[in-house]
Amino acid sequence: FDDKDGYENVNIISVNTDPENLFNYESGIYVTGARFDSYLEEGIPEDKLEEWVHWKANYNQRGRNWEKESHIHIFDRDKTLVLSQKAGIRIQGGASRAYYPKSLNIFARDEYGENRLNYDFWGTGFKPKRVTLTCGGNDYYTKIKDRLACELSEDTYIATMHYEPYVLFLNGEYWGMFYLTEKYDAQYVEHYYGVERGANDENIIIIKNGSVEVGMEEDKSQYYDYMVNFIEGFDMSDEENYRIACELIDIDSFIDYFAIESYIARVGDWPKSNYALWRSRNISDKPYEDGKWRWMLFDVNSKSMGESYDDFDFIEENRKDSKLFDSLCENDEFKREFSERMIELTNKIFEKELVTQKITEYVELMDQPIEKHFQRFFGTTNGRFHSEVEEIRNFFNKREPYIAETLKYHFGEEYLGETVQ
């Protein structure tokens, strides 16, 4: 490592597995393989011809049957071996499964010898069962958006992930620059919120994109759909209805979630998708075991923080795309709390000097590793790294004045309170 550029100040993860697990025509998880050839024989549907990232292929297969056994070695920034154990690997992501290189989910299981990955990856005391080794998703050239949004938002009322940079060696071969991050599961909720998940995770319910991620299938109708139907179906300008809504959801979490996603101009496939929320099944006197839904931030790596979105009208788009948000906006108290909180977050977590400092630190750390990453896979420099980082920087430099203007236009200046001064 001392003789090579691109490894300084980053961790190393080595994943070793039978090459057939990755590249076998029938069962390899890293290739187009037999699934793609069958798809061609069937004929690609006309409406999918332009959407090659969604074409059927081996790498798009999901579930336990496509998990492969591997051996994981972790070396810290000093290149000291800190973890060595067996684990399962799968391809991770949505459209980014078609990209190269691919992100991986890593699973500890009893059948592999350990039911946890026995290392404190992020310095939080959390030793998880599952982690994601992400290559950045749609944020292909900078790999900064998810990490930046989560780090800026970590002291708010929403769940955020921690990100640690890693260089991957796959079967001993240099395989590029990644981030290791948590997965939202019952173990995550237990560790960070102090809610005991139960022997079989029965006390935690997580909904992701409208489906049950953790819990039982009937939880969707009994708990999630009930909450959604009540807030969307009843008049939230009625104070009694709004009070009931605030018993169903942690209103501070909802406000922070929409305020943060709105500030960074998350557009396109959000809020219709790429959303997640959780609650405890049981209700007790513990702070977070109250049965209220709380939101989780993830996947902001596609259309967000773009310079062309600095004047993005988040109120109009959110009310159009989220019936939940639209209904709550009928309540004066909600409009006031949302407006004041957006201005507060603008002046604190999205303060321009703070954001600029984080971006500068990121560039200093990641410039060489990402450059090496592109040389490895494409034989060329990453010509767009600095230009796209600069676009993100310009977005935050220009975004602030549009926040108050948008709130005033839709809600009126009276809802901003003294925080706008």
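The values are calculated or read from the model by the stated rules, or taken from the named source; none is laboratory data. Values in this document were obtained by computation on a predicted structure and should not be read as measured data. Ideal geometry is used to build each Cβ from the backbone, glycine not excepted, and the neighbour counts take in all protein chains shown. Side chains are part of the model used for accessible areas, which takes the heavy atoms of the whole protein and leaves out ligands, DNA and RNA. Shrake-Rupley method; radii C 1.70, N 1.55, O 1.52, S 1.80 Å.
When both residues are 6+ apart or on different chains and their Cβ atoms are under 6 Å apart, which pairs have a first residue that lies in the stretch 362-377 and is over 13 Å from Asn9 (Cβ atoms), and a second that is open to solvent by 50 Å² or more (accessible area, probe 1.4 Å) and modelled with pLDDT under 90?
none
Rundown of residues vs (1) more than 21 Å from Cys246 (Cα to Cα); (2) modelled with pLDDT of 95 or more; (3) in contact with a strand residue (DSSP E or B) (Cβ under 6 Å, 6 or more places away or on another chain), yes/no style:
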{"site": "Tyr157", "(1), (2), (3)": "no, yes, no"}
{"site": "Thr160", "(1), (2), (3)": "yes, yes, no"}
{"site": "Thr181", "(1), (2), (3)": "yes, yes, yes"}
{"site": "Tyr193", "(1), (2), (3)": "no, yes, no"}
{"site": "Arg197", "(1), (2), (3)": "yes, yes, yes"}
{"site": "Glu218", "(1), (2), (3)": "yes, yes, no"}
{"site": "Phe230", "(1), (2), (3)": "no, yes, no"}
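Give all pairs with beta carbons closer than 9 Å in which a residue from the stretch 221-244 that is over 12 Å from Lys323 (Cβ atoms) and loosely packed, with under 12 Cβ neighbours inside 10 Å meets a residue that is among the small types (Gly, Ala, Ser) and at pLDDT 95 or above; count only pairs at least 6 apart in sequence or on separate chains.
Asp235/Ser327
Take the residues of the stretch 393-405 that are within 8 Å of Glu307 (Cβ to Cβ) and not aromatic (Phe, Trp, Tyr): which is farthest from the chain's Cα centre (by Cα)?
Lys398
Go through the stretch 71-96 and count every residue that is open to solvent by 60 Å² or more (accessible area, probe 1.4 Å) and among the acidic types (Asp, Glu).
So the answer is 1.
Among the residues of the stretch 157-177, is any under 30 Å from Asn382 (Cα atoms), under 16 Å from the mean Cα position of the chain (by Cα) and part of a helix (DSSP H, G or I)?
no
May I ask you to list pairs of residues, at least six apart or on different chains, whose Cβ atoms are under 7 Å apart, with the first in the stretch 75-101 being over 16 Å from Glu164 (Cα atoms) and among the aromatic types (Phe, Trp, Tyr) and the second being open to solvent by 20 Å² or more (accessible area, probe 1.4 Å) and part of a loop (DSSP other than H, G, I, E, B)?
Tyr99/Tyr140
Taking the stretch 21-70 as the search range and keeping residues that are among the hydroxyl-bearing types (Ser, Thr, Tyr) and part of a helix (DSSP H, G or I), which one is most open to solvent (accessible area, probe 1.4 Å)?
Ranking the qualifying residues of the stretch 21-70, first place goes to Ser38.
Which numbered condition trips up Val389, out of (1) closer than 23 Å to Asp250 by Cα; (2) open to solvent by less than 70 Å² (accessible area, probe 1.4 Å)?
Single failed check for Val389: (1).
For residues that are open to solvent by less than 10 Å² (accessible area, probe 1.4 Å), under 19 Å from His73 (Cβ atoms) and either part of a loop (DSSP other than H, G, I, E, B) or small (Gly, Ala, Ser) (or both), tally how many sit in the stretch 120-134.
Number satisfying all stated conditions: 1.
Considering each residue of the stretch 135-151, count those that are open to solvent by less than 10 Å² (accessible area, probe 1.4 Å) and either without any contact (Cβ under 8 Å) to a residue 12 or more places away in the chain or part of a helix (DSSP H, G or I) (or both), and give that number.
3
Filter the stretch 103-114 for residues that are outside any helix (DSSP H, G or I), more than 16 Å from the chain's Cα centre (by Cα) and not hydrophobic (A, V, I, L, M, F, W, C); which is surrounded by the fewest Cβ atoms within 10 Å (Cβ to Cβ)?
Gly113
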